[in-house]
Amino acid sequence: MNFLLITIVTLIFLIVTAFLGYLGYRHTKDTTDFLLAGRKTHPVVMAISYGSTFISTSAIIGFGGAAAVFGMGVLWLTVLNIGVGIFIAFVVFGKRTRRMGHNLDAHTFPELIGKRFDSSLLQTASGLMIFIAMPLYAGSVIIGGAQFIAQTLSVSYEAALFFFVAVVAVYVIMGGLKGVLYTDAFQGSIMFVGMILLIIMTYWKLGGIVDAHRALSNIAPEAVKIWGPLGHQGWTSMPLTGSVFWWQLVSTIVLGVGIGVLAQPQLAVRFMTVKSDRELNRGVLVGGVFILMMTGVAFVVGSLSNVYFLNNPSFAKVSILAAEKKVDNIIPLFINTAMPPWFTAVFMITLLAAAMSTLSSQFHTMGSAFGRDFLEQGMKVKTKSTIRTIKLSMGAGIIISTLLAFYLPRFFEQGSAIIAIGTAIFFGLCAATFLPLYFGGLFFKRITKAGALSGFFTGMTAAAFWILFVHAKESAPLGLCKLIFGVPSLAGAASKLQFVDPIVVALPLSIVVTIVVSLMTTPPTEEHLAKCFK
Amino acid sequence: MLGFEGAGIFLAYVLSIAAALVCVVYGIKNWNIPGDDVVNREIEEEIKWEENDPEDEGR
């Protein structure tokens, strides 16, 4: 790899990022600017920022690697990513969120739901939950980014970690959400170009679209040889219905991530950054194409990498074996061996951009959740300046995330496994705790404060229980179940229940509790509802 | 079917592109909706509200 080229490209990337962060700082004058970018964000900037925050390095590397194992069935996640994560999110949730956020003068996601249900407890508890759970997710993104920088630039993991965090921390703390949005738009554009080049070059290398797919279909027996007993039927067929692979694909990958995205606080807050519904309509166009080029490309390339590795005499085996059974190494190995050296530099910047754009929003959300929602509004801590309190809280969140990223890989045998676990835990928790009350709060006047609070705590408890004690993917490496009950999962080794994602259990439970308790309690006052639904 | 073995994969591949196309068509059709009058009114409301924002404070 050409180090001079990579160094020059990285330097240019960092200089532009720093400049955009500085612009964010210059344009930030008050709390609304700092938390909501003044509510006047350009639709293209908002949509690309939404997409690039949504798509982290793990979506490209981790899920691209997963596609090399599961095959193109993972593309159902792309269908949901676009259909639910963009279209429904913008058109259905986004418009109401923007209007209600404005009506209630909400600056953060917890503040929106807190004010909607007239409950400071809900705002405080949500802020605290985000501040506690998000560092694990942010830590996972840091680990992914730092590992990649360390490998590509041949520097130590620790040096890569501190450099990576420091760059993002400076522009988020200084520039607030404007800094985040400006840099996201730049980073998202790089990701877009990088992924377009990747799909064109992959199809070109494998003889064209249909020929590449056909070649992948023809090597199905290789997949059946390895994973046949688990339900694999080849990379261009869905796994056998009801098999272990089917459950993992459908519940964890497709449903867990596909639906979980609707209740992500760092994404929902973006709808409150635009001035009218027109910006959201325009954003749908940009967002839909952007996500197709991100997850769609990663999943197709991940699957097709099997054809390349099997037909390449230096490997002559499927992707997972070529990458020495490390899922996260498949995409980088494919880039390094199948693509020209100049593309390695482009792709490295693409991944750096993906990691930074996700991390910046996580830092911003952690700071606002703890500073504004928990300390100021919840604990009624009087401060001279809201922005300063949020900046200090961001600093605390950044330190916790960095420490997690520093120590977690030492505790877990498979260092990178924690990336997927951290992401899954946060998505599962957010979906089960926030989705019913967020959706109910936006569209149903009959949902009460008691219903929302009950649903919140039920969803949180059920998701946490399932993650810690049943869903083996998390409960086994976390080890709490083994410590208390002596088994990696309470579901038992033979039960398929251990493969069922928390969202499949905790979300319906939370929905039922929210509805039942709401029906049993007094509806909110007409006056309050009129204010919310103005 | 585009070189795919299973119908489920063909559907996922086509639907993911179709979903993006729906987003493009929706975006183009609604590019100027709501119209300038509604947007300008909302902006005016916003400016009035900003002027009286109790939380306004310096960096």
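Laboratory data are not the source of any read-out in this text; all were calculated from the coordinates shown. Bear in mind that the values here come from a model prediction, so they are computed numbers and not experimental data. Every residue, glycine among them, receives a Cβ derived from its backbone with ideal geometry; neighbour counts consider all protein chains shown.
The figures follow:
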item: Failed criterion for A:A464 (all others in (1) closer than 26 Å to A:Q362 by Cβ; (2) in contact with a Pro (Cβ under 9 Å, 6 or more places away or on another chain); (3) surrounded by fewer than 22 Cβ atoms within 10 Å (Cβ to Cβ); (4) without any contact (Cβ under 8 Å) to a residue 24 or more places away in the chain hold); result: (4)
item: Among residues of region B:2-43, those that are among the charged types (D, E, K, R) and surrounded by 15 or more Cβ atoms within 10 Å (Cβ to Cβ), counted; result: 2
item: So A:A138, is it among the aliphatic types (A, V, I, L, M) and within 18 Å of the chain's Cα centre (by Cα); result: yes
item: Test set (1) closer than 26 Å to A:L23 by Cβ; (2) not in a helix (DSSP H, G or I) - A:Y182 fails condition number; result: (2)
item: Check on A:D105, of a type in the set (D, E), within 14 Å of chain B (Cβ to nearest Cβ), more than 21 Å from the chain's Cα centre (by Cα) and surrounded by fewer than 24 Cβ atoms within 10 Å (Cβ to Cβ); result: yes
item: Test: residue in region A:75-93 that is outside any helix (DSSP H, G or I) and within 14 Å of chain B (Cβ to nearest Cβ); result: no
item: Verdict on A:R96 being surrounded by 24 or more Cβ atoms within 10 Å (Cβ to Cβ) and of a type in the set (D, E, K, R); result: no
item: Selection within region A:180-220 - farther than 23 Å from A:W342 by Cα and within 23 Å of the chain's Cα centre (by Cα); result: A:V180, A:L181, A:Y182, A:T183, A:D184, A:A185
item: Breaking point among (1) in contact with a helix residue (DSSP H, G or I) (Cβ under 8 Å, 6 or more places away or on another chain); (2) within 14 Å of chain B (Cβ to nearest Cβ); (3) of a type outside the set (A, V, I, L, M), for A:Y157; result: (2)
item: Which listed residue, of A:V284, A:V269, is of a type in the set (V, I, T), more than 11 Å from chain B (Cβ to nearest Cβ), assigned to a helix (DSSP H, G or I) and closer than 30 Å to B:D36 by Cα; result: A:V269
item: Region A:235-266: number of residues that are away from every other protein chain (no Cβ under 11 Å), touching an Asp or Glu at 6+ places or on another chain (Cβ under 9 Å) and among the polar types (S, T, N, Q); result: 3
item: Residues of region B:2-38 that turn out to be assigned to a helix (DSSP H, G or I) and more than 15 Å from the chain's Cα centre (by Cα), as a count; result: 15
item: Check on A:L161, buried (at least 20 other Cβ atoms within 10 Å of the Cβ) and within 21 Å of A:Q264 (Cβ to Cβ); result: no
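A quick yes/no check of all residues on (1) within 14 Å of chain B (Cβ to nearest Cβ); (2) under 22 Å from the mean Cα position of the chain (by Cα); (3) of a type in the set (A, V, I, L, M, F, W, C):
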{"residue": "A:M379", "(1), (2), (3)": "no, no, yes"}
{"residue": "A:K382", "(1), (2), (3)": "yes, no, no"}
{"residue": "A:I390", "(1), (2), (3)": "yes, no, yes"}
{"residue": "A:A396", "(1), (2), (3)": "no, yes, yes"}
{"residue": "A:I399", "(1), (2), (3)": "no, yes, yes"}
{"residue": "A:T402", "(1), (2), (3)": "no, yes, no"}
{"residue": "A:R410", "(1), (2), (3)": "no, no, no"}
